[in-house]
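Below: one structure, written as structure tokens.
No value in this document is a laboratory result; all are computed from the given coordinates. Quantities reported herein were computed from a predicted structural model and do not represent experimental measurements. Methodologically, a virtual Cβ is constructed for each residue, glycine included, from the backbone with ideal geometry; neighbour enumeration extends over all protein chains shown.
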Amino acid sequence: MIDTVTQFLSDNLVLIVGAVKAAIIAVALLSSVPLLVWLERRLMGRFQVRLGPNRVGPFGLAQPFADAVKLLFKESIVQGSADKFLFFLAPAVVVFTAIVTFSAIPFGASFTLFGQEIGPHVANINVGLLFVFAISSMGIYGIVLAGLASNNKYSLMGGLRSSAQMISYELTLGLAALGVIIVSGSLNLVEIVEDQAVVPNIILQPLAFILFFTAGVAETNRAPFDLPEAEQELVAGFHTEYTGMKFAMFFMGEYINMITMSAMVTVLFLGGWNAYFFEFLVPPVIGPIIVFAAKVFLLLCVFIWLRSTFPRIRYDRLMTFGWKVMLPLAVLNLMVAGFFKVL
């Protein structure tokens, strides 16, 4: 019996490990959302010279969980004029695409288990960068469907704003990433990180880093690019008609996308799990994951810092900035990277 079980585990190790990793990543991402909400509220409190949540639980740590319970038991209202199927589908699309996008992102060095090389990611795809862009771009459908299905002019306008914004800034995002592809010569995210073992791409491609991160902030609908919500103009934008957990799912998708975008910036520009000068302090297996998580955490703090610092810009200026400033700079960076690569 023991031999049979051992043989089964050996034959199906890759499948079993993949399923376990997928479950762990999904649970970790969903569990990190309340903590990220707490971090944002606490940091914004400090930035704005106030305390932030500090009553429910030690340091206010239980506040996000109390909010989650409140949203879970709130009444789910669907107005009679809404398209019921699309209305329920939209938040599910946003959360699903946000979680699946992270499946191709490597967050640590590979190690050997039972003679098999195991990587800390669900799938090591040769075109991992294209996979991430393809799945993440599908998240826009959830927002557009939410605006369309609500049968509300403010929601529809928020959804249309979001689609125009994401299409505009995805061009810059892709062109900035092309500079990294030229330097690394690969679409495989693991190989891109390994290529930065000596020098991170932020040194070789500083303009691409700035463009990619700025476009990433716009892609995640974060301030100062949160025009699809724009409370002062559109009530609450595309999620005006949503209540309870369906309302919470949009924010879960937004915060998971923040984590994914921070992880992508870490992989493409900050050397992933490479610790560089501090390599001697990093223990094997778990150490690279800690290094990667620390870089992602730093970028998440920058996301929050930007929200606390800059006001929301006007929509026409948002589009002008994307098409007349970001896009030409991304094309220029691509030409310069190609020129030096040929030399």
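Quick notes
- Total lysine pairs in the chain at Cα distances under 18 Å, for residues eight or more apart or on different chains: 4.
- The helix-only estimate of mean residue ellipticity at 222 nm for the chain, built from DSSP H runs of length n ≥ 4 each weighted as -39500 (n - 2.57), is -22000 deg cm²/dmol after division by the residue total.
- Residue of PRO288, PRO53, PRO91 that the Gaussian network model of the chain assigns the largest fluctuation, springs spanning Cα pairs under 10 Å: PRO53
- Each of PHE85 and ALA19 was given a label point 7 Å from its Cα along the Cα-to-Cβ line. The distance between the two points is 3.1 nm.
- Short-range pairs are left out: with C-alpha atoms under 8 Å and at least six residues apart, the relative contact order of the chain is 22 percent.
- For the stretch 78-342, the Cβ-based charge dipole about the Cα centre amounts to some 480 debye (Lys, Arg positive; Asp, Glu negative; other atoms uncharged).
- Lys/Arg +1, Asp/Glu -1 at C-beta; the stretch 78-342 dipole; positive extreme among PRO328, LEU268, PHE297: PRO328
- Stretching VAL331 away from LEU298 to a fully extended chain increases their span by 9.1 nm, per 0.36 nm per residue minus the current alpha-carbon distance.
- The calculated pair-distance distribution of the chain uses every alpha carbon pair, bins of 10 angstrom beginning at 0, and gives 5, 22, 32, 25, 12, 3, 0 percent.
- This ranking places THR320, THR214 by how few other beta-carbon atoms lie within 10 Å of each, fewest first, which gives THR320, THR214.
- Considering only TYR315, PRO106, GLN48, and ranking their Cα positions along the charge dipole of the chain that arises from unit charges at the beta-carbon of Lys, Arg, Asp and Glu, the one farthest toward the positive end is GLN48.
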